[in-house]
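Just below is one structure, and these are the notes that go with it.
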Amino acid sequence: MWYGMAARYCLVKSRIEHGGGHQKLEKQRKWHLEPEIKGILIFVLVICILIAAVTIYHLKTVFIYEDDLTEPIVTIGGTVVTLREISYYIMEVENTGDEFARVYNPDNPIEYWGVFMNEETSAGYVSDLARTAALDYCIRDNIYYLEAVKAGVELTEEEWESVRTDAEDYYAQMTQRQREVTQLVTEDLELIIEKVTLTQKYMIQLSSQEEDVSVLEAVTLHYDVGGDYYENLKNSYTIKINERIWDQVHPGHITIN
């Protein structure tokens, strides 16, 4: 009987010791896993921080045309042209381009703006070329406007009346989308069309001085964008372009399509 009790005691003791060793081993295993778990948690935390940072950056830098209308796009001398003002020129190139787009592909006119053009004087995608044209003619009109004012050129009352009528007509022909995106009103259009009208008047005056060519030829050769007189005049002005905003403007996708 004593031997039986001793045997049971030894068996119980053995199980206790074996169980204790097993628990000790489990603790050791848990202890060895902790750095791995910490590493995983740190990795997940870093990923979350990066995602949050990218999201915040995106929200702060994402370009929404209507929200940036007061942003300066180009400074010509001391004249600042905002995105709202240059929207007039964007509508002009979009309206003109849309006519070609609907001939190019009536079922999907937006496709036209992604076509690569390889012209003699310029090459690029239609949308990019349209953006360049909008900026070029906006700069041209502002430069000639300043020059006309310095030269004492003014609009007559009849020309002023024409400006007001043209502004009203232009606004009436704008689509709802164009009005919402550009937020241009008749008063804005009057100021812009005044510049355009005075520019054209001044360019015609300059061109009329040419004796060997017609006024139209003189404008094309000398006084328009790319003309020798205009390009020299342009170089006399300090022009700064807000490329951060302007590079995100893609005609063909703003007030149409």
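Values for this structure:
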{"quantity": "Sequence-distant residues sharing a close amide H with V74 (under 5 Å, placed H)", "calculated": "V81, N242"}
{"quantity": "Mean Cβ neighbour count within 10 Å, used as a protection proxy, ranking 132-141, 148-157 highest first", "calculated": "132-141, 148-157"}
{"quantity": "Euclidean distance between Cα centres, segment 58-100 to segment 125-159, Å", "calculated": "15 Å"}
{"quantity": "Mean separation of Cα contacts under 8 Å, 6 or more apart, over the residue count of segment 66-221: relative contact order %", "calculated": "21 percent"}
{"quantity": "Amide H partners (placed H, <5 Å) of Y125, local residues excluded", "calculated": "M117"}
{"quantity": "Net charge over other residues, Cβ less than 9 angstrom from the Cβ of V225 (K, R count +1; D, E count -1)", "calculated": "-1"}
{"quantity": "Accessible area per residue, Å², segment 135-245 with all protein chains present, probe 1.4 Å", "calculated": "57 Å²"}
{"quantity": "Solvent-accessible ranking of D212, D169, largest area first, probe 1.4 Å", "calculated": "D212, D169"}
{"quantity": "Sequence-distant aspartates and glutamates (8 or more away, or on other chains) whose Cα lies within less than 17 Å of K234", "calculated": "D136, D141, E147, D224"}
{"quantity": "Inter-site label distance for E71 and D228 at 7 Å from Cα along Cβ, in nm", "calculated": "3.9 nm"}
{"quantity": "Förster radius 35 Å - calculated FRET efficiency between E168 and E211, Cβ distance, rounded to 0.05", "calculated": "0.35"}
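The values are calculated or read from the model by the stated rules, or taken from the named source; none is laboratory data. Model, not experiment: these values are computed from the prediction. FYI the Cβ positions are ideal-geometry reconstructions off the backbone, even for glycines, and counts take in every protein chain you see. To get the accessible areas, we keep the full protein, side chains included, count just its heavy atoms, and leave off ligands, DNA and RNA. Shrake-Rupley method; radii C 1.70, N 1.55, O 1.52, S 1.80 Å.
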